[in-house]
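Notes follow the structure.
We did not get these values from a lab; they are worked out from the coordinates using the rules stated. From a predicted model like this one, the values you see are computed outputs, not experimental measurements. Glycine also receives a Cβ, built like all others from the backbone with ideal geometry; neighbour counts cover every protein chain displayed.
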Amino acid sequence: IKIHLVAPDGAETALEVKPAGSLMEAAVKHNVDGIAADCGGLLTCATCHVYVREPFAAQLPPPGPDELGMLEFAAAERRPNSRLSCQVELTAALDGLTVDLPPTQY
Ligand code: FES
């Protein structure tokens, strides 16, 4: 599937990835700037924050209580479409997934 990560300056990184694992893992594997993921996906850092664009935001399973709790600690402004990318599992249905990267993770 193809996924797109858009930096705050509009620069877009398009990745061709397998529909497996998390969005955070795919971004880290491809050295995408803007996703720190300090905790490695354990839901304890909130440095993997992204803003998921529609129509994909509505297609994702809603955040669980642990993700919602950690989003409180995200450094950048929290928006209705804020998600922690380590909790976004890539599936075939997410082909074309586009997320905006926050201006900071710290
Ligand atoms: Fe730490 Fe997602 S990688 S909360």
Tally, over segment 40-71, of residues that are free of Cβ contacts under 8 Å to residues at least 12 places away in the same chain and under 22 Å from PRO103 (Cβ atoms): 1
Criterion (at positive phi, more than 10 Å from the ligand (Cβ to nearest atom) and surrounded by fewer than 18 Cβ atoms within 10 Å (Cβ to Cβ)) met by exactly one of GLY40, GLY10, GLY69, GLY34: GLY10
Cβ pairs under 8 Å, 6+ apart, first in segment 1-24 and free of Cβ contacts under 8 Å to residues at least 24 places away in the same chain, second assigned to a helix (DSSP H, G or I): LEU15/ALA26; LEU15/ALA27
